[in-house]
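Participant: Before I ask anything, here is the structure I am working with.
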Amino acid sequence: MQSRPIEITQRAREEIQRLAPAHGASHLRIAVTRGGCAGWEYQIEFTAAHPGDMEWQEGDIRVAVDCASLDRLAGSILDYQGGLSGAGFRFRNPHARGTCGCGTSFEA
């Protein structure tokens with residue numbers, strides 16, 4: 001069995017499981033695309049897996065990672081931070097040399 005490229009924390013799993021029913025999609029899909037202030041931008045969406053995606057089961061949710069994003073995401077941790085200000089999913093990515101001020105994009 002292939003190892004999972006991303007660790008998903010318990011807090012993130014709980015938030016994904018809370019949000020998933022409202023979206024009615026089969027997967028949580030994670031990708032990295034060109035964009036954002038620092039060059040690369042994370043994309044997280046509830047949708048079907050794409051051909052070639054790496055897939056696995058994470059609790060009650062199926063996760064898919066874009067195959068072209070695997071090198072930029074390998075070893076990352078997806079966490080969820082709650083609170084009144086700045087709540088949302090956060091990546092701790094060992095490949096990120098820097099991040100933008102808002103934390104949604106990174107330099108690799």
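Participant: Assess whether residue 97 counts as being modelled with pLDDT of 80 or more and either within 22 Å of residue 3 (Cα to Cα) or out of contact with any Cys (no Cβ under 6 Å at 6 or more places or on another chain) (or both).
Facilitator: No.
Participant: If you take the residues of the range 24-34 that are of a type outside the set (Val, Ile, Thr) and either surrounded by fewer than 19 Cβ atoms within 10 Å (Cβ to Cβ) or at pLDDT below 85 (or both), which of them is farthest from the chain's Cα centre (by Cα)?
Facilitator: Among residues in the range 24-34 that are of a type outside the set (Val, Ile, Thr) and either surrounded by fewer than 19 Cβ atoms within 10 Å (Cβ to Cβ) or at pLDDT below 85 (or both), the one farthest from the chain's Cα centre (by Cα) is 24.
Participant: Another question about this same structure. Hey, any hits in the range 11-19 for a residue that's at pLDDT 90 or above, within 18 Å of residue 95 (Cα to Cα) and under 12 Å from the mean Cα position of the chain (by Cα)?
Facilitator: Checking the range 11-19: not a single residue is at pLDDT 90 or above, within 18 Å of residue 95 (Cα to Cα) and under 12 Å from the mean Cα position of the chain (by Cα).
Participant: Additional query: Go through the range 58-102 and report how many residues are in contact (Cβ under 8 Å) with a residue 60 or more places away in the chain, under 17 Å from residue 39 (Cα atoms) and out of contact with any strand residue (DSSP E or B) (no Cβ under 6 Å at 6 or more places or on another chain).
Facilitator: Looking only at that region, the number is 4.
Participant: Any residue in the range 4-23 that's surrounded by 14 or more Cβ atoms within 10 Å (Cβ to Cβ): show its pairings with residues that are assigned to a loop (DSSP other than H, G, I, E, B) at Cβ separation under 6 Å, as long as the two are six or more apart or on different chains.
Facilitator: 5/74; 13/59; 17/60
Participant: If you don't mind, there's one more thing I want to ask. Restricting to the range 35-53, and then to whatever is touching a Lys or Arg at 6+ places or on another chain (Cβ under 8 Å) and surrounded by 17 or more Cβ atoms within 10 Å (Cβ to Cβ), can you tell me which residue is modelled with the lowest pLDDT?
Facilitator: Step by step, filter the range 35-53, then rank; the result is 40.
Participant: Turning to a different aspect of this structure: Exactly one of (1) among the β-branched types (Val, Ile, Thr); (2) within 12 Å of residue 6 (Cβ to Cβ); (3) surrounded by fewer than 18 Cβ atoms within 10 Å (Cβ to Cβ) is unmet by residue 65. Its number?
Facilitator: Residue 65 satisfies all of (1) among the β-branched types (Val, Ile, Thr); (2) within 12 Å of residue 6 (Cβ to Cβ); (3) surrounded by fewer than 18 Cβ atoms within 10 Å (Cβ to Cβ) except (3).
The values are calculated or read from the model by the stated rules, or taken from the named source; none is laboratory data. Note that this is a predicted model, so its numbers are computed, not measured. Neighbour counts run over all protein chains shown; Cβ positions are idealised from the backbone, glycine included.
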